[in-house]
Amino acid sequence: MNTAAAPVQSPRPESGPRAALGLVGFLVACFAAAGIGGVLTGQGTGPWYDSLAKPRWTPPSALFGPVWTALYAAMAVAAWLVWRRAGWSAGGRVPLVLFAVQLALNVAWSGLFFGLKRPDLAAFEIAILWVAILATLIAFFRVSRPAGWLMVPYLLWVTFASALNLAIWQLNAS
């Protein structure tokens, strides 16, 4: 008689139509956040943003759209990979909640910097966003290494954006 306990099995990875629907759901969530952020960003672009002193290393405005599009797509796929591997079980719940938190913080940054035209508040908020992204990345790595790697460009871009936000704040402090 075998007295060894059966190993705890992880949830069955999602596949087929349900997996495809999951991917669509994560893409919709990420691009909805992008859309809200875009509306908030639109409130501050134009005369206000154009009048700000910016460091020489500020990328051209035309670069931001394509970069963010690629990042939001990668973020959606990363979250989907975690969901496929762990679902909403104990193994997937914390990483996916962290993902939702950092996504909300991402939108909030646009509201602070562009919507309220407050680079000072945005500089503090982006530091919190950076920590949330790092926590999400680490949690994702624990579930799916590819998901973790998909979050690395996002962390790097937000690191750059943090430096840019801080420089703009400092250059325009009254």
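Some observations on this one:
- Any chance R118 is more than 29 Å from T45 (Cβ to Cβ) and more than 12 Å from the chain's Cα centre (by Cα): no
- Complete set of residues in the range 112-147 that are β-branched (V, I, T) and open to solvent by 20 Å² or more (accessible area, probe 1.4 Å): I128, V131, I138, V143
- Residues within the range 152-174 that are in contact with a helix residue (DSSP H, G or I) (Cβ under 6 Å, 6 or more places away or on another chain), in contact (Cβ under 8 Å) with a residue 60 or more places away in the chain and over 17 Å from L105 (Cα atoms), tallied: 1
- Residue within the range 50-68 that is part of a helix (DSSP H, G or I), among the charged types (D, E, K, R) and modelled with pLDDT under 95 present: yes
- If the condition is being open to solvent by less than 20 Å² (accessible area, probe 1.4 Å) and farther than 18 Å from P153 by Cα, then the range 97-111 contributes S110, G111.
- Meets criteria (under 13 Å from the mean Cα position of the chain (by Cα), over 30 Å from A167 (Cα atoms) and open to solvent by 20 Å² or more (accessible area, probe 1.4 Å)) for V94: no
- Failed criterion for W80 (all others in (1) modelled with pLDDT of 95 or more; (2) more than 14 Å from the chain's Cα centre (by Cα); (3) open to solvent by 30 Å² or more (accessible area, probe 1.4 Å) hold): (2)
- Criterion violated by F160 - all others in (1) surrounded by 14 or more Cβ atoms within 10 Å (Cβ to Cβ); (2) closer than 22 Å to A70 by Cβ satisfied: (1)
- The residues listed here are G111, G92; of these, the one that is at pLDDT below 95 and in contact with a helix residue (DSSP H, G or I) (Cβ under 9 Å, 6 or more places away or on another chain) is G92.
The values are calculated or read from the model by the stated rules, or taken from the named source; none is laboratory data. Bear in mind that the values here come from a model prediction, so they are computed numbers and not experimental data. A quick note on method: Cβ atoms are made from the backbone with ideal geometry, for glycine too, and the neighbour counts reach across all protein chains shown. In case anyone asks, the SASA skips ligands and DNA or RNA and just uses the protein heavy atoms, side chains included. Shrake-Rupley method; radii C 1.70, N 1.55, O 1.52, S 1.80 Å.
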